[in-house]
Amino acid sequence: METDSMKNEKLYIALVNTPGIFAWMIRKTIKIDYIHVVLSLDQNLEDAYSVGRRNPFLPFFAGFEKENPVQILRAFPTAHYKIYAIPCTKEQKQRIALQLAQCYQKRFRFHYCILGLPFLLMKKPFYQKNHYTCSSFLARLLAENGVLFFHKHFSLVTPKDFYEYPKQDILYEGALETFCRQNGYPAMRKHFGAGIITT
């Protein structure tokens with residue numbers, strides 16, 4: 001049985017608020033501003049993954065991808081993030097890191113679960129092989145590794161469940177631009193030009 005003292009490692013949840021028509025529809029449905037959720041192995045989001053847009057500029061192509069905050073900022077200059085840590089054991093983090101790496105190698109086999117959205121609205125579980133929303137993928141991964149449970153079928157988990165998670169160790173909440181600047185992303189000058197955003 002795992003105890004709190006054994007959980008000396010952390011994983012990081014990033015909730016994302018971006019503009020757009022599709023984002024507006026999700027916000028209307030889940031009643032919060034944050035409409036996307038990301039799992040990171042580090043607090044700077046340098047090793048972060050989710051089911052979402054393969055290219056931040058193209059909303060119609062989605063699947064499992066490694067998140068790049070600078071690319072997201074380039075597409076959505078007004079984006080806001082909320083980042084918090086959740087405890088885990090060293091073994092749990094190692095297993096999850098391995099699974100994320102394996103999923104990334106096979107990333108084009110994963111797709112966004114569009115067919116599941118009506119079932120989500122009806123609160124009926126639905127699973128199509130290798131098809132997930134951002135939140136359902138993370139909910140299944142974290143539950144299967146004993147890190148975080150929502151006491152519902154993973155397909156019914158939304159970003160709101162992550163937003164309302166009661167044991168949040170909040171590390172940052174604010175503009176993505178500020179987060180990128182504070183964390184010294186080297187690509188900032190390349191994407192935005194020296195003198196606009198500096199590291």
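Data for the structure
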read-out: Any hit, region 137-144, residues being in contact with a Ser or Thr (Cβ under 9 Å, 6 or more places away or on another chain), touching a residue at least 24 places away in the same chain (Cβ under 8 Å) and of a type in the set (A, V, I, L, M, F, W, C); value: yes
read-out: In region 135-151, residue nearest to C103 (Cα to Cα) [restricted to those that are in contact with a helix residue (DSSP H, G or I) (Cβ under 8 Å, 6 or more places away or on another chain) and either basic (K, R) or not in a helix (DSSP H, G or I) (or both)]; value: R140
read-out: Residue within region 40-57 that is hydrophobic (A, V, I, L, M, F, W, C), farther than 17 Å from S135 by Cβ and without any contact (Cβ under 8 Å) to a residue 24 or more places away in the chain present; value: yes
read-out: Selection within region 159-186 - in contact with a Ser or Thr (Cβ under 9 Å, 6 or more places away or on another chain) and surrounded by fewer than 22 Cβ atoms within 10 Å (Cβ to Cβ); value: K160, D161, Y172, A175, E177, R181, N183, G184, Y185, P186
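Readers should treat all values here as calculations from the given coordinates under stated rules, not as data from a laboratory. The shown structure was predicted, so the numbers you read here are calculated from the model rather than taken from an experiment. Neighbour counts run over all protein chains shown; Cβ positions are idealised from the backbone, glycine included.
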